Amino acid sequence: MTIIDGKKVSASVKEQVAEETKALKEKGIVPGLAVILVGDDPASRVYVNNKKKACELVGFKSEEFKLPAETTQDELLSLVDELNNRPDINGILCQLPLPKGLDENAVIEAISPLKDVDAFHKQNVGRIMIGDYDFLPCTPAGIMEMLKAYDISVDGKNCVVIGRSNIVGKPMAMLLLHQNGTVTICHSHTKNLSKITKNADILVAAVGVAKFVKADMVGEGAVVIDVGMNRDENGKLCGDVDFDNVKDKCSYITPVPGGVGPMTIATLMKNTLKAAKLQAGIE
Ligand code: GUN
């Protein structure tokens, strides 16, 4: 059993981005990322801080817009509009979820597709669907990169994704399909879930429930990817997989923390670099 080191793979992706950023700077281009955080969700706060730190590390300019939970839809949309029009900002990310009362879809659609480094805009989602895209969604693309780094082939494999969110489950299934996986998407209405998950060569858990995937749901030798970020009964950070009991059945497994999370951020850096290049007419 191998524990996949997301931190290590992420560090090498960020190193590549930093190198390219250095070369861009010689042409007078500094990639800029705007990060919008509305309200004070503590988990979102941590994610946003990590994104800012990664920007510093690779040499991007990052600007944080911290808005109170009472922010109105109009105020948020007018900030997005301002950022869409700023030439020094290449990527715009609005951390989700938004506080109650704000319309996430409207905000996602308001972000210019050229600056949509999350790849959440329907124009970018549609392009991913047909395999002609500039940006890939950060978490699924980070997972694909991690599989590649460990020489884990998807071709012809039984891939099972638990979860059907627009952020992870649906795009994850599409990226696995692009690499010729045979993909099943499971969700809260799925019958005989463990019968399906047990058959998976590659199992991706994106449920949002602490330790949801138990040892009896996993087949011998499976590759298990844990997207979860939860707190267990003692308040300790844990994933969607019951790691201690599942790990010995796996050929590969990702830990939480230190697995998928750092890869999400590394992909965000790649997307922001790409956005800067596209907007400068380099790519
Ligand atoms: N919330 C959870 N994951 C993400 C992500 O990848 N991007 C944004 N913007 N919000 C998130």
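The values are calculated or read from the model by the stated rules, or taken from the named source; none is laboratory data. In this text the structure is predicted, and so the values were computed from the model without any measurement. Cβ: placed from backbone, ideal geometry, glycine included. Neighbour counts: every protein chain shown. Quick note on the areas: whole protein, heavy atoms, side chains included, nothing else; ligands and nucleic acids left out. Shrake-Rupley method; radii C 1.70, N 1.55, O 1.52, S 1.80 Å.
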Q | Estimated vicinal HN-Hα couplings, Hz - segment 24-40 in sequence order (Karplus 6.51, -1.76, 1.60; Gly, Pro = x) | A | 5, 4, 5, 8, x, 10, 10, x, x, 10, 9, 10, 9, 10, 10, x, 10
Q: Treat every Asp and Glu Cβ in segment 15-131 as -1 and every Lys and Arg Cβ as +1, leave all other atoms uncharged, and give the resulting dipole magnitude about the Cα centre to the nearest 20 debye.
A: 360
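Given the rule -39500 (n - 2.57) for each run of at least 4 DSSP H residues, summed and divided by the residues of the chain, what is its mean residue ellipticity at 222 nm, to the nearest 500 deg cm²/dmol? Please list the in-between numbers first.
Details: 10 runs with 117 residues, N = 283.
The per-residue figure over the chain is -12500 deg cm²/dmol.
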Q: Calculate one ³J(HN,Hα) per residue across segment 174-186 by plugging θ = phi - 60° into the Karplus curve 6.51 cos²θ - 1.76 cosθ + 1.60, and present them in order as whole Hz with x for glycine and proline.
A: 5, 5, 5, 5, 4, 9, 6, x, 9, 10, 10, 9, 10
Q) Using θ = phi - 60° and the Karplus curve 6.51 cos²θ - 1.76 cosθ + 1.60, what whole-Hz ³J(HN,Hα) does each residue of segment 58-75 get, with Gly and Pro shown as x? A) 8, x, 7, 8, 10, 10, 9, 10, 9, 10, x, 4, 7, 3, 8, 4, 5, 5
Q) DSSP beta bridges in the chain, what fraction antiparallel, as a percent rounded to 5? A) 5
Q | C-alpha center-to-center spacing [segment 216-283, segment 90-160] in angstrom | A | 14
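Taking a probe of 1.4 Å, how large is the accessible area per residue of segment 162-283, in Å²?
Values: 5500 Å² over 122 residues.
Here the residues of segment 162-283 average 45 Å² of exposed surface.
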Q: Could you tell me which of N49, V35, P87 has its Cα farthest along the dipole of the chain towards the positive end, charges placed at Cβ (Lys, Arg +1; Asp, Glu -1), taken about the Cα centre?
A: N49
Q) By how many degrees, 0 to 90 and rounded to 10, does the Cα axis of helix 138-149 deviate from the longest principal axis of the chain? A) 60
(Q) Normalised by the empirical 2.2 N^0.38 Å for globular proteins, what value does the Cα Rg of the chain take? (A) 1.00
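Where the accessible area of segment 110-203 is counted over protein heavy atoms with a 1.4 Å probe, how much of it, in %, is carbon and sulfur? Before the final figure, lay out each step's value.
Values: 2280 of 4500 Å².
Percent of accessible area from carbon and sulfur atoms in segment 110-203: 51.
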Q: Name the residues whose placed amide hydrogens come within less than 5 Å of the amide hydrogen of F65, ignoring near sequence neighbours (fewer than 5 apart) on the same chain.
A: V35, I36, L37
Q.
Suppose R0 equals 45 Å. What FRET efficiency, 1/(1 + (r/R0)^6) with r the Cβ-Cβ distance, do S78 and E220 give to the nearest 0.05?
A. 0.25
